[in-house]
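These notes concern the structure reproduced below.
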Amino acid sequence: MVSSKCRSNGTKKLDSFMMNNDFSKTTLDHFVVMKKFCNGKFNILMFYGDDMVIVRQDSTLIYRVKLELS
């Protein structure tokens with residue numbers, strides 16, 4: 001079981017990462033955030049419980065997100 005203090009620290013780290021990388025929450029689902037680039041590409045992060053799904057056309061962002069959040 002994860003303590004609420006650990007969850008709080010993890011949430012702060014995730015919120016900081018999303019703000020520093022220009023992600024925004026969608027209006028339809030607060031557990032989905034996205035970042036759209038001027039070239040039409042986008043990144044999507046989806047959250048379900050303690051899990052996160054990262055959608056991207058290449059693996060560069062996926063690796064970076066994992067590295068920054070670990």
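The values are calculated or read from the model by the stated rules, or taken from the named source; none is laboratory data. Computed from a predicted model, the values in this text were never measured in an experiment. For neighbour counting, all protein chains shown are included, and Cβ atoms are generated from backbone atoms with ideal geometry for every residue, glycine included. Ligands, DNA and RNA are excluded from the accessible area calculation, which covers all protein heavy atoms including side chains. Shrake-Rupley method; radii C 1.70, N 1.55, O 1.52, S 1.80 Å.
Below is a table of values for the structure above.
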{"item": "Relative contact order computed over the chain (Cα-Cα under 8 Å; 6+ residues apart), in percent", "result": "19 percent"}
{"item": "With Cα atoms, 0 to 90° folded angle of helix 60-69 axis to the chain main axis", "result": "20 degrees"}
{"item": "Net charge contributed by nearby residues that have their C-beta within less than 13 Å of VAL55 (K/R +1, D/E -1)", "result": "+3"}
{"item": "Formal net charge of residues neighbouring ILE44 (Cβ-Cβ distance under 10 Å; K, R +1; D, E -1)", "result": "+3"}
{"item": "Crossing angle, helix 4-20 versus the chain [Cα axis fit, 0-90 degrees, rounded to tens]", "result": "20 degrees"}
{"item": "In nm, spacing of pseudo-spin labels at ARG64 and ASP15 (7 Å Cα→C-beta vector)", "result": "2.3 nm"}
{"item": "Accessible area in square angstrom per residue, the chain, 1.4 angstrom probe", "result": "81 Å²"}
